[in-house]
Amino acid sequence: MSGIDRQDQMLLYYSSERKTIRWPKKMFIHAIGMMLFNAQHLFKKYSRQKMPLFEFRMNVIKNLVPPITNDIPLKIQGHTLVKRDLGGKKQISRKRCQSCSKNGKRTQTIYECQLCPGTPGYYLECSDIIHK
């Protein structure tokens, strides 16, 4: 099997292309896939380390994407399902969104901020506004 056939085979294993996107985006995504394959080939050739294509791609993604900070709200800790006494129905624990309640809206959310004192509840969009 020649190099191009091998490359096409390896690119099909981890295809990032979708049917619904237009052809310029498909070409761009395909070109990035080919660049990653070629980079992995050069890495194996010159570093003498064997690393599968999937692991190489994941390492590239981890190094390019910034680390997640802890200032985003997380789901409410502890017990998320609380049993009611009446009828034995289960209800999800929720908190009032602090940002919306200041604006006069009564909204409830399943997310809370771990960094703020008292772990107040926030919607994801409201948390971005508050923590900037």
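Of note:
- Net charge of neighbours whose Cβ lies under 14 Å from the Cβ of Glu17, counting Lys and Arg as +1 and Asp and Glu as -1: +4
- Solvent-accessible area of Lys75 with every protein chain in place, 1.4 Å probe, in Å² to the nearest 10: 120
- Computed 3J(HN,Hα) for the range 97-112, one whole-Hz value per residue from the Karplus formula 6.51 cos²θ - 1.76 cosθ + 1.60 where θ = phi - 60°, is 6, 5, 5, 5, 5, 5, 8, x, 8, 9, 10, 10, 9, 9, 10, 9, glycine and proline marked x.
- Of Val65, Val60, the order by accessible heavy-atom surface (1.4 Å probe, DNA, RNA and ligands excluded), from most exposed downward, is Val65, Val60.
- Using θ = phi - 60° in the Karplus curve 6.51 cos²θ - 1.76 cosθ + 1.60, the 3J(HN,Hα) couplings for the range 26-31 round to 4, 5, 5, 5, 5, 5 Hz; x is entered for Gly and Pro.
- Annotation: extensible slack from Phe28 through Lys75 equals 13.3 nm (criterion: 0.36 nm per residue apart, minus Cα-Cα distance).
The values are calculated or read from the model by the stated rules, or taken from the named source; none is laboratory data. Note that the structure is predicted; figures quoted are calculated from it, not measured. Ideal geometry is used to build each Cβ from the backbone, glycine not excepted, and the neighbour counts take in all protein chains shown. What goes into the accessible areas is simple: the full protein's heavy atoms, side chains included, and nothing from ligands, DNA or RNA. Shrake-Rupley method; radii C 1.70, N 1.55, O 1.52, S 1.80 Å.
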